[in-house]
Structure formats: structure tokens, C-alpha cells
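**Student:** This is the structure I have questions about; it appears just below.
The values are calculated or read from the model by the stated rules, or taken from the named source; none is laboratory data. Just so it is clear, the model here is predicted, and its values are computed rather than measured. In this analysis, Cβ positions are derived from the backbone assuming ideal geometry, glycine residues included, and neighbour counts consider all displayed protein chains. Side chains are part of the model used for accessible areas, which takes the heavy atoms of the whole protein and leaves out ligands, DNA and RNA. Shrake-Rupley method; radii C 1.70, N 1.55, O 1.52, S 1.80 Å.
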Amino acid sequence: MSVTVFAPETEARFALARRVADTVLFEGCALHPYRGSAAEHRLRRQFGVLVPPAWGADREEEYDFQHTECLMEPGADAALAVELRFLRARRRTVQQARADGTFTTVAELRLGERVLAPLDEGTVERVEAVVTPAELVEGDGVTLAFVRPAEEESEPVLDEDGRAVGRLVRRYEEIHGTLRLSARRLDGPFRVMRLTAVVENTSPWAPADDEAADRGSALPRSLMATHLLLGLSAGSFLSMTEPPEWAKDAIASCRNLHTWPVLAGEPGRADVVLSSPVILGDHPAVPPEHPGPDGPGSPYAPVAADGPLTPGAVRAVTGAASAGGFPDEYGVVHPDTRRAPAVEADVAPAPDEAVVDGRPVRAGSRVRLRPGLRRTDAQDLFLRGRVATVESVLHDVDGSVHLAVTVEGDPGADIRRAQGSFLYFRTDEVTPVEDAT
């Protein structure tokens, strides 16, 4: 086994899959890209959050691992390139200078029309490896443990006269994780192997008594938007949604938890897989005109310090499919995802409506927002009582239902629809209005 920088050809094959992952996961979603330069300063939810084991142990909606299984037919002398990617929260606090030269943490710092406030910035982390199929079938396979140490840096805040009036303190918390890879050859005439990849958050951190109810304390120690890229130098993967007849039973026995693998990269090829917490169809693509995220290393998505990051894999269930596929809420073009993938036996095609207070709610329905029943962003509270239009109904593999909405009276509603930058609420946060359809 070797851990190294990928060869140029591997980088090129992973490029399209990375662009999809960046758009669906890093750029936003649930859920839209709230970059540091944007007017908004909070990201309401995120997918693929792997929390520290001590935090998720007693919480049904939290998990500390992803488990991917798929089938591959490696060619002679094939190598498997693996790239684990996730966002790591960098917590920014704001401090004001005192007369004695010390600093005190404040809720905000005003400099004329400029307001500096605390927020979390997501930065990209990667764990890379190149392994051979022979290494994967030996013993327990290959285990890669990784650690991201705690770090802290500060930046002075100067007023218009150049005097230091405060500082921004950015801190990373320590994160421990493990990537375990293994494979097993299947019986039969074909050279097929079941590949298993497990990503775990193994951070030893445990909440103190005063942190036990504060999810925000767990987020800086979590892996967010966690996903895997898998690439064969020779050979191919089998589609999980449209496998050949002889492989259907083997595909059905694959076990995928909190993630879903699809063929990625150039259409017509099957040498790259993207395993993502968002369910996509094979060969998802981003339209060329889509702006994409700001680029590697940039603060992609400031997340609310105490906001919920909803786990699970949300898929679009509305929109008419065409021969070339259709764009979903993220702008990603993929085949008709209304057909449920064979991820688990109890996953069925999601309906395009939800029942709220005994009434059907679907795209076009009007609902009244009532956030606050669960942990929410402070910004959500300003929307309490507002009427919104449901744009789509989304379902995740953990059984939750999400409503993508636009608020009535929002002057940017048309832009939100064009960009797919909706607000997202669960069904217990809304009430149908009388004229809902």
C-alpha cells in the first residue's frame, strides 16, 4: 500500500466526480452555498455528518460512520485509488480589544457599516491512498488511521485609522478518523469482487456536562459532507441501479449505510465511483454554466454554531425526466431518481407529497412556517409565521421528510428557484394553510 499524490490520469478521472460532490455537498445543500462572501452567514443543514462516537451513541439521528459496498471487476495489475473528502469546521470567534491590551469575546464587533460575527467555516480535508486488490483480500484488508490536530490562529481587526480594535480567532478542534478498505472475491465465472469501504469518526472527545445538550460542541469534531471517490486503473465497477442480470443478486446483497455509491466521471465509462450521502443516479453531471464553489481550500460553507446538520441522503422526487436526464434542486443533472435504488430492502420509491397535520402537501402547496420545535438557526426564527410555497418534497434514507420552500414576498424568489437555493424545513416545522393544494 502507498499513500501518495495521485497520478495526473487519476486526477483527471476524478475531476468530474469532485465537481458533482462540490456542488451537491460542499456548495450547499440542504443546503445552498453560504460562502463567507455571501450576504447570508449561516448554513442551516448539511449532509454526511459523522459525529464523535461519544456524541452519537444515544442519538438516533446521529451516526459516526459510513459503510459503502459495491462490486468491481479489476483488470490485470489494477490499482484502486481512494480519496476520502470531507469538510472540517473551523470555528471563528470575535474578540474586542480592551484598554489593558487583553481581549474579550463578544457576540459581534461593529466597524461602521461592517459587522463581524462568529461563524463556522468549512475547509476541505482529503485522505488519499492507492492500494491493490491483493492487499484488500488479505486478512482484514487495509486500514488508514488519520488525525487532524487542533490549531488556532488570530487575525487583527483594524479600524479605519489602522488601530487594532479587536481580532478574529479561528480554531480547529482535533479530529481522529479511520478509513477501512477490504474486498472479497465472489464465486462464479466472472472476476468480481465486493469492495467494502468504511469511514469512521474515531475522535476520543466526549462532551462535558455543560456541553451534553449542545450539538454545536460536537460539530468542530465531526467530519461533514463526507464522501468517497474510488477509481480503478484497469477494470470497471458495476452499476448499483442497473446491474447486468447475472449480478443482480450480488448487488442486492451489498450493504450501504448512510451513503450510496454511483458510477461517476465520463458517461460510458465505469472506472470511477462516487459514494455520497446524497442519493444520485449514475454519471451525475454539473451544467457547464454552473459557477461551482470557490475552489479548494476556500471557506466553502459557514455553518451555524448551534444549528442542526440533518443526516441522511436526500433525493429529489419531483420534476419530469427527459431522455437526457433532468436537473435536480442542486443543478446536478442525472437520470430519473424517482426509481428507488436497491440500498436496503425497506427503501421504496418516495412519494412526491407528504402528509402534514392530516393534509397532503406537495409542490405548489402553501404552508405556514413555525420553526423552533427543534434546534434551529437564529435566522429561522425571523421566518416564524411567514407563508411559504413548497417547491419540492425530499426524502432521505433515514426516513425523514424535508420540504424545500420559498417564502412569499421574498423579492429573490425567482432567483432562488433558478439557482435551486431553497430553504428547507421538516414537516413538524410547518402547518398547511387553508388553500393548500
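**Student:** Filter segment 350-393 for residues that are farther than 30 Å from residue 214 by Cα and part of a loop (DSSP other than H, G, I, E, B); which is modelled with the highest pLDDT?
**Tutor:** Of everything passing the filter in segment 350-393, 365 is modelled with the highest pLDDT.
**Student:** Can you tell me how many residues within segment 106-121 are in a strand (DSSP E or B) and surrounded by 11 or more Cβ atoms within 10 Å (Cβ to Cβ)? Please lay out each step first, then the result.
**Tutor:** From segment 106-121, those in a strand (DSSP E or B) are 106, 109-111, 114-116, 119-121; that's our starting set.
The next check asks that each one be surrounded by 11 or more Cβ atoms within 10 Å (Cβ to Cβ); those that pass are 106, 109-111, 115-116, 119-121.
Number of matching residues: 9.
**Student:** Something else about it: Which ones in segment 142-190 are open to solvent by 70 Å² or more (accessible area, probe 1.4 Å), in contact with a Phe, Trp or Tyr (Cβ under 7 Å, 6 or more places away or on another chain) and within 25 Å of residue 224 (Cα to Cα)?
**Tutor:** Selection gives 151 alone.
**Student:** I'd like the full set of residues that are closer than 22 Å to residue 239 by Cα and either open to solvent by 90 Å² or more (accessible area, probe 1.4 Å) or acidic (Asp, Glu) (or both), limited to segment 191-218.
**Tutor:** Of segment 191-218, the ones closer than 22 Å to residue 239 by Cα are 191-199.
Correct list: 191 only.
**Student:** Select from segment 65-84 the residues that are open to solvent by less than 10 Å² (accessible area, probe 1.4 Å) and within 15 Å of the chain's Cα centre (by Cα) and list them in ascending order.
**Tutor:** 66, 84
**Student:** Can I ask one more? Which is out of contact with any helix residue (DSSP H, G or I) (no Cβ under 9 Å at 6 or more places or on another chain), touching a residue at least 40 places away in the same chain (Cβ under 8 Å) and not β-branched (Val, Ile, Thr), of 220, 149? Walk me through how you get there before you give the answer.
**Tutor:** Working: 149 fails: touching a residue at least 40 places away in the same chain (Cβ under 8 Å).
Going through 220, 149 in turn, the sole match is 220.
Let's see how each residue does on (1) of a type in the set (Lys, Arg); (2) under 20 Å from residue 236 (Cα atoms); (3) touching a strand residue (DSSP E or B) at 6+ places or on another chain (Cβ under 8 Å):
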| position | (1), (2), (3) |
| --- | --- |
| 59 | yes, no, no |
| 76 | no, yes, no |
| 79 | no, yes, yes |
| 82 | no, yes, yes |
| 93 | no, no, yes |
| 96 | no, no, yes |
| 114 | yes, no, no |
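**Student:** The conditions are (1) surrounded by 22 or more Cβ atoms within 10 Å (Cβ to Cβ); (2) among the charged types (D, E, K, R); (3) out of contact with any Ser or Thr (no Cβ under 7 Å at 6 or more places or on another chain); (4) modelled with pLDDT under 95, and residue 62 fails exactly one of them. Which is it?
**Tutor:** The failed condition is (1).
**Student:** Suppose we keep only residues that are in a strand (DSSP E or B) and among the basic types (Lys, Arg) within segment 62-100. Which one would you say is nearest to residue 155 (Cα to Cα)? Before the answer, list the steps.
**Tutor:** Going through segment 62-100, the residues in a strand (DSSP E or B) turn out to be 63, 65-74, 80-97.
With among the basic types (Lys, Arg) added as a condition, the list becomes 85, 88, 90-92.
Details: 85: 27, 88: 20, 90: 14, 91: 13, 92: 10 Å.
The qualifying residue nearest to residue 155 (Cα to Cα) is 92.
**Student:** Then there's this: Tell me whether segment 182-189 contains one or more residues that are modelled with pLDDT under 95 and farther than 22 Å from residue 273 by Cβ.
**Tutor:** yes
**Student:** Within segment 166-190, count every residue that is among the polar types (S, T, N, Q) and more than 28 Å from residue 64 (Cα to Cα). Before you say what the answer is, go through the steps one by one.
**Tutor:** Start the filter on segment 166-190 by keeping residues that are among the polar types (S, T, N, Q), which leaves 178, 182.
From what's left, more than 28 Å from residue 64 (Cα to Cα): none.
So the count comes out to 0.
**Student:** Can you find a residue that is more than 25 Å from the chain's Cα centre (by Cα), surrounded by fewer than 17 Cβ atoms within 10 Å (Cβ to Cβ), within 22 Å of residue 133 (Cα to Cα) and not β-branched (Val, Ile, Thr) anywhere in segment 228-242?
**Tutor:** Residues of segment 228-242 that are more than 25 Å from the chain's Cα centre (by Cα), as a first pass: 233-236.
Filter again for surrounded by fewer than 17 Cβ atoms within 10 Å (Cβ to Cβ), leaving 234.
Checking the rest, the ones that are also within 22 Å of residue 133 (Cα to Cα) come to 234.
Subset that is not β-branched (Val, Ile, Thr): 234.
Yes, some residue in segment 228-242 is more than 25 Å from the chain's Cα centre (by Cα), surrounded by fewer than 17 Cβ atoms within 10 Å (Cβ to Cβ), within 22 Å of residue 133 (Cα to Cα) and not β-branched (Val, Ile, Thr).
**Student:** Kindly list the number of the only condition in (1) under 30 Å from residue 191 (Cα atoms); (2) outside any strand (DSSP E or B) that fails for residue 130.
**Tutor:** Exception for residue 130: condition (2).
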